Amino acid sequence: MTTGALNGIRVVDLGTVIAGPFNTMQLADLGAEVIKIEEPGAAERRNLPGAGAIGYQSPDLVPVGSYRDRNKETMSLNLRNPKGLEILFQLIRTADVVTENFSPGTMDRLGIGYEVLKEINPKLVYASTSAFGQTGSYRHHRGYDILAQARTGFASVTGFPEDPPTRAGNSITDYFTGLLAAFSILAALNHADRTGIGQAIDIALFEGLFMTLEGYVERTLNDDEVPSRQGNESLTHGPSCGVYEAKDGNLIAIDVHRDEWWNAFCEATGQSEFITNPETASYQARLINHAKTRQLISGWAGQYDASSAESLLVSNGIPASRVLTLQEMVELPYVKDRNLYPTVDHPRAGPITLTGSPYGGLSKTPGAVFSHSPVPQEHRDSILTRVLGYSADRINQLEAEGAFSV
């Protein structure tokens, strides 16, 4: 157990895949006691064909994405067995939060929807995430990240103008949604602490992504503008904020949209005449004369290797960075200084390196990775003994009655 900011909060986690586990990972990193309830067999922990297992010592035992369950305890329950269902009810009576990301209606069909659970625990915060929410026209539509990227229009503004709409490289929708769910849970816990009354939370993948559209929709609704794909340039700032190819073929991101950054860029690159040139002297002028702005930046970047260009710009206070590979990123001194990829011991795979906690900056109660992602049923007996007071004999009897497996 930890003494983090959320120490004393108990979460019963029924989430699967990405959005659900990522939600409760935030809470666990901050010290909440997260009890992950899995279906018998823990299917989401297996490597699926083609899933690309990380090359741990035992890659068949530690699949991609398992970091999302670090800092949690786990056990399996057969929720179609009355004995398994009763254990879940008993755990929920002791909990502050329940999370789930099944298709809308699934929890009700299992007899564990919010209307049932609030009767046994009125202070319960019940957080649901789904593709398109618990209400509305699309509530019964199945969907994952790629559907949200398509239906929100996010994909239509991602990629290069001459190419088709492009999916973002990872499942960003799930991560945004998980963060929104965690934030909503904290707000609801604060409300429950003040009033003694819990509430249901309904977060959709669609809404996890639409809020990131950076004012594009406002342009459409208010200005009759239809934003499209800008490639590696900012829709708002144009080529003053973009990615350029260096002499060595590597790429460098440069942001000189502010006048002071543009002026510093012109001075540092020996092009000081463009500080006062009417075509480039102001932010608006650089937007209007975007081809000229693009030529000045790309022409300079093409004369240097990316590392030298980055060093020159950064030393003059200009925002710039080489476009790194993941292998280059993890070797950055910054990443090592802040311990962004800690190593923990896994009971089957041995020492493994995981994505770290982003909450290390809390000065009194920093978030941390303090335990590996559990293997199925790893904490069953300790949870039932510590939380519910079960004896070993009772656990064995329940096992014989099918409470934990099909």
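The values are calculated or read from the model by the stated rules, or taken from the named source; none is laboratory data. Every value quoted in this text rests on a predicted model; they were computed, and no experiment measured them. Positions of Cβ are generated from backbone atoms using ideal geometry, with glycine treated the same way; all protein chains shown enter the neighbour counts.
For the condition modelled with pLDDT under 95 and within 22 Å of VAL17 (Cα to Cα), what is the one hit in ALA127, ALA131?
Among ALA127, ALA131, only ALA131 is modelled with pLDDT under 95 and within 22 Å of VAL17 (Cα to Cα).
Of the residues that sit in the stretch 369-397 and are among the hydrophobic types (A, V, I, L, M, F, W, C) and touching a Leu at 6+ places or on another chain (Cβ under 9 Å), which one is farthest from ALA32 (Cα to Cα)?
The residue in question is ILE395.
Among the numbered conditions (1) surrounded by 15 or more Cβ atoms within 10 Å (Cβ to Cβ); (2) free of Cβ contacts under 8 Å to residues at least 60 places away in the same chain; (3) under 23 Å from LEU189 (Cβ atoms), tell me where GLU115 comes up short.
(1)
Can you tell which of ARG322, ARG380 is modelled with pLDDT of 95 or more and more than 30 Å from ASP248 (Cα to Cα)?
Step by step, each of ARG322, ARG380 is checked, and only ARG380 is modelled with pLDDT of 95 or more and more than 30 Å from ASP248 (Cα to Cα).
Checking the conditions here, which among HIS237, HIS191 is under 30 Å from ASP108 (Cα atoms) and either out of contact with any helix residue (DSSP H, G or I) (no Cβ under 6 Å at 6 or more places or on another chain) or hydrophobic (A, V, I, L, M, F, W, C) (or both)?
One residue alone meets the criteria, HIS191.
Would you pick out the residues in the stretch 64-83 that are out of contact with any Asp or Glu (no Cβ under 9 Å at 6 or more places or on another chain) and surrounded by 18 or more Cβ atoms within 10 Å (Cβ to Cβ)?
Correct list: SER66, TYR67, ARG68.
Among the residues in the stretch 321-337, are any under 21 Å from GLU267 (Cα atoms) and either over 21 Å from the mean Cα position of the chain (by Cα) or surrounded by fewer than 15 Cβ atoms within 10 Å (Cβ to Cβ) (or both)?
Yes, the stretch 321-337 contains at least one residue that is under 21 Å from GLU267 (Cα atoms) and either over 21 Å from the mean Cα position of the chain (by Cα) or surrounded by fewer than 15 Cβ atoms within 10 Å (Cβ to Cβ) (or both).
Of the residues in the stretch 236-295, how many are among the basic types (Lys, Arg) and over 30 Å from THR325 (Cβ atoms)? Before the answer, list the steps.
Residues of the stretch 236-295 that are among the basic types (Lys, Arg), as a first pass: 247, 258, 286, 292, 294.
If we keep only those that are over 30 Å from THR325 (Cβ atoms) as well, we get 286, 292.
Final tally of qualifying residues: 2.
In the stretch 176-199, is there at least one residue being of a type in the set (D, E, K, R) and in contact with a strand residue (DSSP E or B) (Cβ under 9 Å, 6 or more places away or on another chain)?
no
Which of the strands (runs of 3 or more DSSP E) found entirely inside the stretch 185-274 contain at least 1 residues meeting this: in the same structural domain as LEU296 (by TED's automatic domain parsing) and either surrounded by fewer than 20 Cβ atoms within 10 Å (Cβ to Cβ) or over 28 Å from the mean Cα position of the chain (by Cα) (or both)?
238-245, 251-255
Among the residues of the stretch 1-60, how many are at pLDDT 85 or above and charged (D, E, K, R)?
7
From the list PRO366, PRO374, PRO351, pick out the single residue that is under 29 Å from the mean Cα position of the chain (by Cα) and loosely packed, with under 14 Cβ neighbours inside 10 Å.
PRO351
Does any residue of the stretch 165-175 turn out to be in a helix (DSSP H, G or I), assigned by TED's automatic domain parsing to the domain that holds ILE146 and surrounded by fewer than 17 Cβ atoms within 10 Å (Cβ to Cβ)? Show your work before the answer.
Of the stretch 165-175, the ones in a helix (DSSP H, G or I) are 172-175.
With the extra rule that they be assigned by TED's automatic domain parsing to the domain that holds ILE146, the set shrinks to 172-175.
With the extra rule that they be surrounded by fewer than 17 Cβ atoms within 10 Å (Cβ to Cβ), the set shrinks to none.
No, every residue in the stretch 165-175 fails to be in a helix (DSSP H, G or I), assigned by TED's automatic domain parsing to the domain that holds ILE146 and surrounded by fewer than 17 Cβ atoms within 10 Å (Cβ to Cβ).
Any residue at all in the stretch 92-102 that is part of a helix (DSSP H, G or I) and either more than 23 Å from ALA19 (Cα to Cα) or in contact with a strand residue (DSSP E or B) (Cβ under 8 Å, 6 or more places away or on another chain) (or both)?
Yes, the stretch 92-102 has at least one match.
Name every residue in the stretch 123-156 that is within 21 Å of GLY231 (Cα to Cα) and either in a loop (DSSP other than H, G, I, E, B) or touching a strand residue (DSSP E or B) at 6+ places or on another chain (Cβ under 6 Å) (or both), in order of residue number.
Hits for the stretch 123-156 are THR152, GLY153.
Quick test for you: out of TYR359, TYR341, pick the one residue that is touching an Asp or Glu at 6+ places or on another chain (Cβ under 7 Å) and surrounded by 14 or more Cβ atoms within 10 Å (Cβ to Cβ).
None of the others qualify; the one that does is TYR359.
Could you list, in sequence order, all residues of the stretch 275-325 that are part of a helix (DSSP H, G or I) and basic (Lys, Arg)?
Listed by number, the residues that qualify are ARG286, LYS292, ARG294.
Considering every residue within the stretch 275-286, establish whether at least one is within 25 Å of GLY159 (Cβ to Cβ) and either outside the structural domain of GLY159 (by TED's automatic domain parsing) or exposed (fewer than 14 other Cβ atoms within 10 Å of the Cβ) (or both).
For the stretch 275-286, residues within 25 Å of GLY159 (Cβ to Cβ) and either outside the structural domain of GLY159 (by TED's automatic domain parsing) or exposed (fewer than 14 other Cβ atoms within 10 Å of the Cβ) (or both): present.
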